[in-house]
Amino acid sequence: MKFATYKNDTRDGQLMMVSRDLSQAYSLKDIAPTMQYALDNWAQVEAELKNVYEQLNDNQLNAEGFSPQRCESPLPRAYQWADGSAYVNHVELVRKARGAEMPESFWSDPLMYQGGSDDFIGPTEDIILPSDEWGVDFEGEIAVVTDDVPMQCSPEDAVQRIRLLMLVNDVSLRGLIPGELAKGFGFFQSKPASAFSPVAVTPDEMGDAWKDGKVHLPLRTTYNGELFGKPEAGEDMTFNFGELVAHAAKSRNLGAGAIIGSGTVSNKQGTDHGSAVSEGGRGYSCIAEIRMIETIRDGEPTTPFMQFGDKVHMEMLDKNGDSIFGAIDQQLKPLKA
């Protein structure tokens, strides 16, 4: 199944069923008015939701054309948003660029931070910030949305509790990160509101691209109209989503609607640092990573972070070239006084 949330006069929007080809949308107000309601009552409403989805794809409903511009994030706000760093190649590059050794434990114990979940950005809404001098960066990721997950859940059981998949633009302020980490309390101001794809999909929609708790398709990022990266999400993912969800549930229960992110999708590409699309490589899912490569290779970075007016587009296509989640399509703009 595929879901979206349309903006309305409430904080949590109106849940919509979206056709497989993303052409049609149908209101689910009589079954589940919001995405959170559907997740809270999944066992009770799943069969009815599946029936609507089948009818929608068979053109049996009085549906309307799907409009990503009307979308909030699938969960406009969430009880929990925790972002991991499953692609350890990305972490290794960050540390290598500043001459720091990476602890061996990073290969066996996932990194994860608690993000802000009360104010997500819509998939086609502008990224609004007071300054573009804070090292504004995009980060292309995949996220899962869970059902209830009990404390000490095993990775194998955790995979079965994943209800939805989405794309993420985890906006980061690289210039603020070092000072925050130096305090020893982790990210806060350096992690403003994130954006999620207009459509969230159930894992079965992915077919054989969903395997071993990973998504085996490229994540495409276009920056200011040029292809910036197309790394394969199923490669170099040290921790799968079952392991990430289980890690988050080590010492706490997770409620239905918890969002767990993969961290920046990153490929090693058979070298120490990968290569840009312009060099025949798969490119990158964030600006910081290409700046790391430039630092390692040339002694200093040359690619600037985002400036006001810059645009980023993120999308994942299936093997037939069709969009699965719709696109995150955003522009960086200043906060107006």
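The values are calculated or read from the model by the stated rules, or taken from the named source; none is laboratory data. Values in this document were obtained by computation on a predicted structure and should not be read as measured data. In this analysis, Cβ positions are derived from the backbone assuming ideal geometry, glycine residues included, and neighbour counts consider all displayed protein chains. With ligands, DNA and RNA removed, areas are computed over all heavy atoms of the protein, side chains included. Shrake-Rupley method; radii C 1.70, N 1.55, O 1.52, S 1.80 Å.
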Consider just the alpha-carbon atoms of the chain and return their Rg together with their Dmax, both in angstrom.
19.3, 61
Note down the magnitude of the dipole of the chain about its Cα centre, charges +1 on Lys and Arg C-beta and -1 on Asp and Glu C-beta and zero elsewhere, to the nearest 20 debye.
460
Taking the C-alpha atoms of the range 237-297, how large are the radius of gyration and the largest Cα-Cα span, Dmax, in Å?
15.8, 45
Determine which residues of the range 26-48 fall in the zone a paramagnetic label at Asn62 would reach in this model, i.e. backbone nitrogen under 16 Å from the point 7 Å along Cα→Cβ.
26-30
Let's test the formula: R0 of 25 Å, r as the Cβ-Cβ distance of Ser278 and His216. What FRET efficiency results, to the nearest 0.05?
0.50
For the range 19-60 the translational diffusion coefficient, Stokes-Einstein from a Kirkwood Rh over Cα pairs at 37 °C and viscosity 0.692 mPa s, in µm²/s, is roughly 305
In the range 50-100, the chymotrypsin sites (Phe, Trp or Tyr not before Pro) that fall in loop regions by DSSP, at most 16 other Cβ within 10 Å
Tyr79
Report the relative contact order of the range 86-195, percent, no decimals, based on alpha-carbon pairs under 8 angstrom and at least 6 residues apart.
28
Expressed as a percent, the accessible surface of the chain that is carbon or sulfur, using a 1.4 Å probe and the full set of protein chains, is 46
So if R0 is 45 Å, what FRET efficiency would Asn51 and Arg252 give, r being the distance between their Cβ atoms, rounded to the nearest 0.05?
0.80
Rounded to the nearest 10 degrees, the helix 287-298 long axis (Cα) sits at an angle to the longest Cα principal axis of the chain of 20
Using the Cα centre of the range 157-227 as origin and beta-carbon charges of +1 (Lys, Arg) and -1 (Asp, Glu), tell me which of Pro218, Gly179, Ser194 is placed farthest towards the positive end of the dipole.
Gly179
Where only protein heavy atoms count, and the probe is 1.4 Å, what is the accessible area per residue for the chain in Å²?
44
Among the trypsin sites (Lys or Arg not before Pro) in the range 3-109, which ones are in a DSSP loop with at most 10 other Cβ atoms within 10 Å of the Cβ? Mind listing them?
Arg11, Arg98
Rg from C-alpha atoms of the range 208-337, normalised by the globular rule of thumb 2.2 N^0.38 Å, equals 1.20
Going out from 0 in 5 Å bins, what whole percent of all Cα-Cα distances in the range 77-120 drops into each bin?
5, 20, 23, 18, 13, 11, 9, 2
With N residues in the range 66-163, Rg(alpha-carbon) / (2.2 N^0.38 Å) equals 1.35
Potential lengthening between Arg11 and Leu227 on full extension [0.36 nm per residue; Cα-Cα distance subtracted]:
74.3 nm
List the trypsin sites (Lys or Arg not before Pro) in the range 189-254 that DSSP assigns to loop (not H, G, I, E or B) and whose Cβ has at most 15 other Cβ atoms within 10 Å. Which are they?
Lys250, Arg252
Please report, in whole Å³, the volume per residue of the convex hull around the C-alpha atoms of the range 147-229.
165
Cα-based Rg/(2.2 N^0.38 Å) for the range 283-337, rounded to two decimals, is 1.52
For the range 1-133, what is the Kirkwood hydrodynamic radius in Å, using each pair of distinct C-alpha atoms?
17.6
Could you name the lysines whose alpha carbon sits less than 22 Å from that of Lys268, not counting residues in the same chain fewer than 8 places away?
Lys96, Lys211, Lys214, Lys230
